[in-house]
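Read-outs throughout are calculated quantities, based only on the coordinates presented, and are distinct from any laboratory measurement. What you see is a predicted model, and the numbers here were worked out from it, not measured in a lab. Glycine gets a Cβ as well: all are built from the backbone with ideal geometry, and neighbour counts include every protein chain shown.
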Amino acid sequence: MQALLKTLEEIGFETVKELDVSTLKALPEVRQMCEVNTCGVYNTRWSCPPGCGSIEECDKIMHQYTHGILVQTIGDIEDTLDWEGIMEVKEVHDKRFLQGTERIKEHLDEVLPLGDGACTRCQKCTYPDAPCRFPDLKSSSMEAFGLFVSDVCKKNGVGYNYGPGKMCYTGCYLFCI
Ligand code: SF4
């Protein structure tokens, strides 16, 4: 665990904290928020519902893992209308998150990465015509797995809203050690 925490800190995440997997619960109401499709990627990627599995399947998958780490990228923005600034923080987080998955795989055979948004590993996802190109590396969002992210943060002693002028993206990695 110490080696994994250090690896993720080296990548640059502002928050790196061990996660208590018993705090993870897939909630149907969070999945229903995905179905509203405000992000516009519902049913377009293997990482997203319905391609990532039913809420019951996601809950079962998450609980196969005994340990986890929460990570966050926290960046500066001018205000909530600073779309460019918000997207810059997101881009940094997505790059770090992909790198984190690969670095954890150097230590462990298997990891379940749950990020902030749809899988961005391929420019164009193979969904639904062909199997996922990287089933071991693809990442769903925490929300796609039914997690109420602010609640998971709270239960693990991690902040979620860092106040005006700050933007935060959250993800987690689940694994067995
Ligand atoms: S790894 Fe590629 S094919 Fe698999 S879910 Fe992600 S984008 Fe789609």
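For this structure, a couple of remarks:
- Dipole magnitude of segment 94-177, debye to nearest 20 (Cβ charges: Lys/Arg +1, Asp/Glu -1, about Cα centre): 260
- Within a Gaussian network of the chain (alpha carbon springs, distance under 10 Å), most fluctuating of Asp116, Asp59, Asp82: Asp82
- Those lysines that a straight Cα-Cα span of less than 16 Å connects to Lys17, excepting residues fewer than 8 apart in one chain: Lys6, Lys154, Lys155
- With only Cα atoms counted, the chain has Rg and Dmax values of 15.4, 43 Å.
- Bridging of Lys60 to lysines at a Cα separation below 16 Å is possible for Lys25, once same-chain residues fewer than 8 apart are set aside.
- Converting phi to 3J(HN,Hα) with the Karplus coefficients 6.51, -1.76 and 1.60 and the offset θ = phi - 60°, segment 90-96 yields 4, 4, 4, 4, 4, 5, 4 Hz in sequence order, with x at every glycine or proline.
- Label-point separation, Ser150 to Glu56 (7 Å along Cα→Cβ), nm: 3.0
- Given charges at Cβ of Lys, Arg, Asp, Glu: the chain dipole, positive-most of Cys39, Pro50, Ser150: Pro50
- The relative contact order of the chain comes to 35 percent, based on Cα pairs under 8 Å that sit 6 or more residues apart.
- Using C-alpha pairs under 8 Å with a sequence gap of at least 6, the mean separation divided by the residue count of segment 82-159 gives a relative contact order of 26 percent.
- Taking 19 Å as the cut-off, the amide N atoms of segment 155-170 that come nearer than this to a point 7 Å along the Cα-to-beta-carbon line of Glu88 belong to 162-170.
- Burial ordering of Cys132, Cys172, Cys122, fewest other beta-carbon atoms within 10 Å first: Cys122, Cys132, Cys172
- Compactness of segment 96-177 is given as radius of gyration and Dmax, 14.2, 43 Å, from Cα positions.
- Cross-link partners for Lys105 among the aspartates and glutamates, with Cα-Cα distance under 12 Å and sequence neighbours closer than 8 places in the same chain left out: Asp136.
- Model label zone, Glu35; criterion: amide N under 17 Å from point 7 Å along Cα-to-beta-carbon; scope segment 51-71: 51-59
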